Each structure stands twice: as C-alpha cells, then as structure tokens.
Amino acid sequence: MSPHRFGLIAFDFDGTLADSYAWLVAALNQLAPQYGFRSVSPADEPELRQLGASAILRRLELRFWKRPLVLRALRQRMAQDIAQISLFPGVAELLDVLATGPAPLAIASSNARENIAQVLGTARLVHFERLECGIGLGGKAARLRALRRRYRLAPGELLYIGDEIRDLQAARAAGAASGAVTWGYNHPDALQAQRPDYLFHQPSDIARQLGLELR
C-alpha cells in the first residue's frame, strides 16, 4: 500500500501537535504534594524521556488508583493555563496542507476536547472529522480500533502519529500503521527502539511522506 493512500490519519495531541512538555512538568510538580507522588527534577528528565507512560508513573511513585485523578486534574489545570500552550512550529501549516489531501483527519488524545479546541483554534479544528478525547492511559488502542471500524479500514490503513512509546504500542495493538515524531515527550532513541513504521523529524516530513508539500 502506498504510504500516502491511508484511509484515515489520526494524531496524538500533546507533544505531537501541541508543545506542552514544559507546562506538563510544571503542572506535575504542582500536583505532587496534593496527590503524594515524587516531583520531577531537571536531573530526572533525560531518564524519564526514555520510558513509557506507565514506567514514568512508577518512577514518580504515583499509585495506580490515583492516576485517573491526576489525569483529570491535569486536564482541568490545562484549561486554566491554556494560553500557555501552542502548536509546534510548522504544525498549523501541516494541518492546512493535510486538510487538502484525500485522507480525513482525526485526533486520539487523553486531553479534553475543550483544551484541544482552544489550542487548535476554529480555523484548524474544522480540519478534523473525529476527536476522540479524554482517553485513559491504557485506552488508546480501543479508540483506534473503534476508528478503524467506523471508517471500515483494513489493517495498516489507519496511520496514528504520536510522540510517546504508548502511542506506538497502541497503534500496533489496533492494527494501525505507526508514525513517531521526534520533537515530543519521548527521546528519539526510545521511539526508534519501538520500530515505528515512520519516524518524522519535522512536520514537513509528515506531509512529504503522504505525498504533499508544505507551502
């Protein structure tokens, strides 16, 4: 199958489209005393960027039953701080170009729909046919399988693009092709170790792989 003939292109949001890493570390450190887990020090960050989401939470000593509470608190805090979050350079142009291509676009993210809509803005929000939001830490594969069913896609006809190990694992579990961006949360070496179908170093790489060019 030609790489630019996917039936659906889905994106993760934080770390893939939106530059929210610095905000996330600050928010986690603010929530740490309330929920009783370790804060993130600058010395921790290189190691944490090599790990998957579950391993990171274990290193931070965040108890399993508290994880949904912290995720909800992060969504609420982002809504308050939404002016601090913006799209990565080149992403707005990428989305404008992809919207002219043959494949519809979707988002599958743990973030809240309202936050995603605020950061994208009206002009880019309309580029997406589906927003799968508020996904739990282990729930992306199920949402991606649901997208495949909705669009009647054979294995490999859905491309899911993310910046974390869990994004690549979810794509594989859902029978989707996987794309990894190197500008997000996980270190490029950690992503490469997962053997994604595609590795993107800048937004224009995504357009080019899909047979399009940024203006």
Between the residues 97, 20, 34, the Cα farthest towards the positive end of the dipole of the chain, that dipole coming from +1 and -1 charges on the beta-carbon of Lys, Arg, Asp and Glu, is from 34
Per-residue accessible area, 1.4 Å probe, largest first, puts 132, 157, 47, 213 in the order 213, 47, 157, 132
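Counting each pair of different Cα atoms once, what's the Kirkwood radius of the chain in Å, rounded to one decimal?
Its Kirkwood hydrodynamic radius stands at 17.4 Å.
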Carbon and sulfur atoms account, in whole percent of the 1.4 Å probe accessible area of region 1-145, for 52
What helix-only [θ] at 222 nm does the chain give? Using -39500 (n - 2.57) per DSSP H run of at least 4, over all residues, to the nearest 500, the answer is -12500 deg cm²/dmol
For the chain, what is the accessible area per residue in Å², given a 1.4 Å probe and the full set of protein chains? 48
Residues whose built amide H sits under 5 Å from the amide H of residue 132, excluding neighbours closer than 5 in sequence, are 107, 108, 109
Rule-of-thumb check for region 98-167: C-alpha Rg over 2.2 N^0.38 Å? 1.11
Sparse-neighbourhood loop hits (trypsin sites (Lys or Arg not before Pro), region 101-189; DSSP loop; Cβ within 10 Å at most 12 others) -> 152
In a solvent-free Debye calculation with one equal scatterer on each Cα, what is log10 I(q)/I(0) for region 53-114 at q = 0.19 Å⁻¹, listed in the order of the q values? -0.92
Using θ = phi - 60° and Karplus 6.51 cos²θ - 1.76 cosθ + 1.60, couplings along region 67-76 (whole Hz; Gly, Pro as x): 4, x, 5, 5, 4, 5, 5, 5, 4, 5
If you wrap a convex hull around the C-alpha atoms of region 168-214 and split its volume per residue, what is the figure in Å³? 69
For a quick check: with amide H placed at 1.01 Å from N, whose amide H comes under 5 Å from residue 181's, ignoring anything fewer than 5 positions away on the same chain? 162, 163, 200
Using C-alpha positions alone, give me the convex hull volume of region 7-103 per residue in cubic angstrom. 132
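To one decimal place, what Kirkwood hydrodynamic radius in Å is obtained for region 57-155 from all pairs of distinct Cα atoms?
15.3
The values are calculated or read from the model by the stated rules, or taken from the named source; none is laboratory data. All values reported here derive from a predicted model rather than from experimental measurement. Heads up, the Cβs are rebuilt from the backbone with ideal geometry, glycines too, and the neighbour counts pull from every protein chain shown. Heavy atoms of the whole protein, side chains included, go into the accessibility calculation; ligands, DNA and RNA do not. Shrake-Rupley method; radii C 1.70, N 1.55, O 1.52, S 1.80 Å.
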